[in-house]
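A short reminder: the numbers here are calculations on the coordinates, not readings from a lab. All values derive from a computational prediction rather than experimental measurement. Positions of Cβ are backbone-derived with ideal geometry, glycine not excepted, and every protein chain shown enters the neighbour counts.
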């Protein structure tokens, strides 16, 4: 999830983006998904491809659980391992404590990510340290970052196919969003039934939804998501509630 920007002091100058762009872009919704401010849907025709109402030769679909955390990334640039916010800024420059916690977490695992990532690559995932719109109960610090995509270089369109992403994360023991379906397109209701109430990552407030990845003729083609109608974005975020952070993590400090 994108964390809303705080109110900035007059004269504030944004820091540079190491990638030159966002670490991860926005994902369109399937028809029927609950839209938030600034969200947009696929066309009916395109949505029907993702959900199996239309079929096309060469298409292959992967459906994973949608995790409700803060979207972040770990990148390897010029030999350095860096922690990034979704917008592409260094996590260490964020006004939010949750991103500084992510920066410390990545720094403690520098050698791990140095071995995992090639030069220019980045892995994107959800940082579950602090609740956004869904609470999780996490005691193992190695379960705080749940990956969902791998990119080969600084250009956000160069996304690794799922087989590579899965084999590399599994070999490294890096958590990834739970796989719900792989193969032909599958409908929303069937996906929600497979997910159940709390999904596979222990969503205390119930699952947010799911993500569909389309690959065509062995290459990444597109991605779409479905968000349940009762999902409330950011209901635990402190600068929305004007209360303190709701922290999911209750393991050793770092």
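Points to keep in mind about this one:
- For region 46-71 versus region 162-223, the inter-centroid distance based on Cα atoms is 9 Å.
- By the beta-carbon count within 10 Å of each Cβ, the least crowded to most crowded order of 132, 214, fewest first, is 214, 132.
- Per-q log10 I(q)/I(0), the chain, q = 0.08, 0.09, 0.11, 0.14 Å⁻¹ (Debye; single scatterer per alpha-carbon; no solvent): -0.30, -0.38, -0.58, -0.97
- For the chain, a Gaussian network of Cα nodes joined below 10 Å ranks 75, 108, 91 by mean-square fluctuation, and the top entry is 108.
- Most fluctuating residue given options 165, 50, 102, as computed from a GNM of the chain linking Cα atoms under 10 Å: 165
- In region 17-104, Cα pairs under 8 Å separated by at least six residues give a relative contact order of 30 percent.
- Here the residues 215, 45, ranked from fewest to most Cβ neighbours within 10 Å of their Cβ, fall in the order 45, 215.
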